2 protein chains.
Amino acid sequence: MSIDVLVSKIKEKKNPSVAGLDPKLEYVPEFIREKVFSELGKNLCAAGEALWQFNKALIDALYDIVPAVKPQSAFYEMYGLPGEEALKKTVDYAKSKGLYVILDVKRNDIGSTAQAYSSAYLGRVDIAGEEAEALNVDSVTVNPYLGTDGVLPFINDCVKYNKSIFTLVKTSNPSSGELQDLICEDGKRIYEKVAELVNKWGENTVGTSGYTAVGAVVGATYPEQSVILRKLMPKSYFLVPGYGAQGGGAKDVVNCFNSDGLGAIINSSRGIMCAYKKSERPIEEFALAARDEAIRMRDELCSVL
Amino acid sequence: MSIDVLVSKIKEKKNPSVAGLDPKLEYVPEFIREKVFSELGKNLCAAGEALWQFNKALIDALYDIVPAVKPQSAFYEMYGLPGEEALKKTVDYAKSKGLYVILDVKRNDIGSTAQAYSSAYLGRVDIAGEEAEALNVDSVTVNPYLGTDGVLPFINDCVKYNKSIFTLVKTSNPSSGELQDLICEDGKRIYEKVAELVNKWGENTVGTSGYTAVGAVVGATYPEQSVILRKLMPKSYFLVPGYGAQGGGAKDVVNCFNSDGLGAIINSSRGIMCAYKKSERPIEEFALAARDEAIRMRDELCSVL
């Protein structure tokens, strides 16, 4: 299973972290932006080109340190077709550098539409008998609000195409509890109900690593809930947002790991991408500043495991 | 408010329905596909071109009958960049024909990322002081699982840019109850809790029509729940999927309307797009078959209101 590929990359690099590639235009160092704007003007094409140049430099500086990258689709969609093109180039380049690519899309829909999303990102599309790939990644995030119908097409494609998914369970944002923490008649919270579904969805997809193709998104900002969720989903890998810029520290994410030191991959986006803003390195070395921070984060995580 | 624009278009055309544009390649009449494949080969570009030609003909045949169209993003994303390009052309063309465009994207994320999605579809993006539009539509669907943080950026842009949103409350698919029907400690179901949030989110966005910028997705396949939800969200417009191909009939959707005959817009996708498969018209008249079905649906809905 694809989750075994992620586990082996984590072991090989001794690093349970993922670099989020959420490139807002203001994160791109000014000298890159200025160069692109002077060449292409201030428009969507220039924005897409700036994101791609930024991402490529980051990937070059990070690919031997981190096992995975997680592009956030929203920050590419907002720049229209040039943004989407930058995403495709980023995904293809990251894959060529041996990185596991988790595309953060949080897609969800009824069964037939969920299948279309899965074909877009995990599977292949059929064009009158010819197979084509839209934007082929290793893993996507999905939202569970529609229940099993909306997730099953992704899981089937995980098995068929050797992929994985991460289902939102307990998200890192301040208002995540409004629905996710509601207590049901039987005393269980909604995030526990979703955890039970995640377990069920993954049961026939256990890989050689002992983990299933159906992971869970569990925010670093809710360490108490992570303890509960770790027990409820022992075989699911956790994708953990909220470390760094959102306020979670290494101690907060320890609960997301199993006793074997595996079971979780911690995301940092702004912390790594914008490391140059806090670094003593000259701005031209923004990618090395990102590398410094990725190494610091790796060492911090390893020190608490 | 933008919802007033939708209401006026519904009144003007005396038609509370929306044509879903979910163009699977196999829905496109064979003569269009064959022509495109012979010109471009069997690839993503050809798929995108086939979708666009199909959509354009449908819009030409429908724009004086229906007030709105609802493209489902998944069916464009699955054809990669050419699919996204077909979506953009479809959206722009539909707007040029005076149609209200509801883009079905079911996006959801933490606040800063939700803002990026909102900028992509409802607002504008800033490129070093220059404003640009990615894919500007009148309305999008959003998923409420992350709570207020994830929805507020969309609502703010509804006010700022005169737009609307439809929040998933009770979806039309068979497994929608797995989470949405769970009963909380206080006896309320999750969909009722979401309905309360939708009410709250919309309270400062009431337009001259009496409806708010924050609508709700309520499936035609659960008519008993529609009764409850109609009472809980009196000022929210309902976007109602599940009519036609998914099994819901005109009687099932009556409950989604208020006593003034307003308050809901009923979606049909396959029923309209694939009407030519059940029509006696020659295949070349596929768009007229779609028009026949849109008129039949309009008359059926009006007969029960």
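Taken together, the values in this text are just the output of simple stated rules run on the coordinates, not laboratory data. Quick caveat: nothing in here was measured; it's all calculated off a predicted structure. Glycine also receives a Cβ, built like all others from the backbone with ideal geometry; neighbour counts cover every protein chain displayed.
Treating only the Cβ of Lys, Arg, Asp and Glu as charged (+1, +1, -1, -1), what charge dipole size does segment A:139-237 show about its Cα centre? Round to the nearest 20 debye. Present the calculation step by step, with values, prior to reporting the outcome.
Working: 10 positive and 10 negative charges, 71 e Å.
Charge dipole of segment A:139-237: 340 debye, to the nearest 20.
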Specify whether the C-alpha gyration tensor of segment A:1-110 places it in the rounded, prolate or oblate class, a ≥ b ≥ c being the square roots of the eigenvalues: rounded for a/c under 1.5, otherwise prolate if a/b is larger than b/c and oblate if not. oblate
Using Cα centres only, tell me the gap between segment A:265-305 and segment B:180-207 in whole Å. 41 Å
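Given Cβ point charges of +1 (Lys, Arg) and -1 (Asp, Glu) and nothing else, what value in debye, to the nearest 20, does the dipole of the protein assembly as shown about its Cα centre take? Please report the intermediate quantities before stating the final value.
Working: 70 positive and 80 negative charges, 102 e Å.
That gives the protein assembly as shown a dipole magnitude of about 480 debye.
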When chain B is modelled as a GNM with alpha-carbon springs shorter than 10 Å, which of B:149, B:138, B:126 fluctuates the most? B:126
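Please work out whether segment B:148-277 counts as rounded, prolate or oblate from its C-alpha gyration tensor, where a ≥ b ≥ c are the square roots of the eigenvalues and a/c under 1.5 means rounded, while otherwise a/b larger than b/c means prolate and anything else oblate? Kindly include the intermediate steps, with their values, before the conclusion.
Working: a/c = 1.66, a/b = 1.21, b/c = 1.37.
Cα axes put segment B:148-277 in the oblate bin.
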Filter A:251/A:277; A:88/A:277; B:11/B:278; A:163/A:277 down to the pairs with a C-alpha to C-alpha distance above 31 Å, please. A:163/A:277
Suppose a student asked you for the relative contact order of chain B, using Cα pairs under 8 Å spaced at least 6 residues apart; what percent would you report? 19 percent
At what distance in angstrom do the alpha carbon centres of segment B:43-117 and segment A:18-59 lie from each other? 27 Å
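Please report the antiparallel percentage of the DSSP beta bridges confined to segment B:2-304, to the nearest 5. Mind dumping the intermediate values first?
Values: 4 of 32 bridges.
Just about 10 percent of them are antiparallel.
Within segment A:102-178, list the GluC sites (Glu not before Pro) lying in a DSSP loop whose Cβ has at most 11 other Cβ atoms in a 10 Å radius.
Values: sites: A:130, A:131, A:133, A:178; in loops: A:133.
In loop regions of segment A:102-178 (DSSP not H, G, I, E or B), there are no sparsely surrounded GluC sites (Glu not before Pro).
For segment A:153-198, what class follows from the C-alpha gyration tensor (a ≥ b ≥ c being the square roots of its eigenvalues): rounded when a/c is under 1.5, otherwise prolate if a/b is larger than b/c, else oblate? Mind showing how you got there, number by number?
Details: a/c = 4.69, a/b = 1.99, b/c = 2.36.
Cα axes put segment A:153-198 in the oblate bin.
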GNM top mover of B:125, B:151, B:137 - chain B, alpha-carbon springs below 10 Å: B:125
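Can you show me the helix-derived [θ] at 222 nm for chain A, built from DSSP H runs with n ≥ 4 at -39,500 (n - 2.57) apiece and divided by the number of residues, rounded to the nearest 500.
On the way: 13 runs with 138 residues, N = 305.
For chain A, the value works out to -13500 deg cm²/dmol.
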List, largest first, the extents of the alpha carbons of the protein assembly as shown along their principal axes, each in whole Å. 70, 58, 45
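For A:189, B:296, B:33, what ranking results if the residue with the fewest other Cβ atoms within 10 Å of its Cβ goes first?
On the way: A:189 18, B:296 13, B:33 22.
Final ranking by Cβ density, sparse to dense: B:296, A:189, B:33.
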Could you give me the percent of Cα pairs per 10 Å distance bin for segment A:2-304, shortest bin first, beginning at zero and ending with the bin that holds the maximum distance? 6, 28, 35, 22, 7, 1, 0
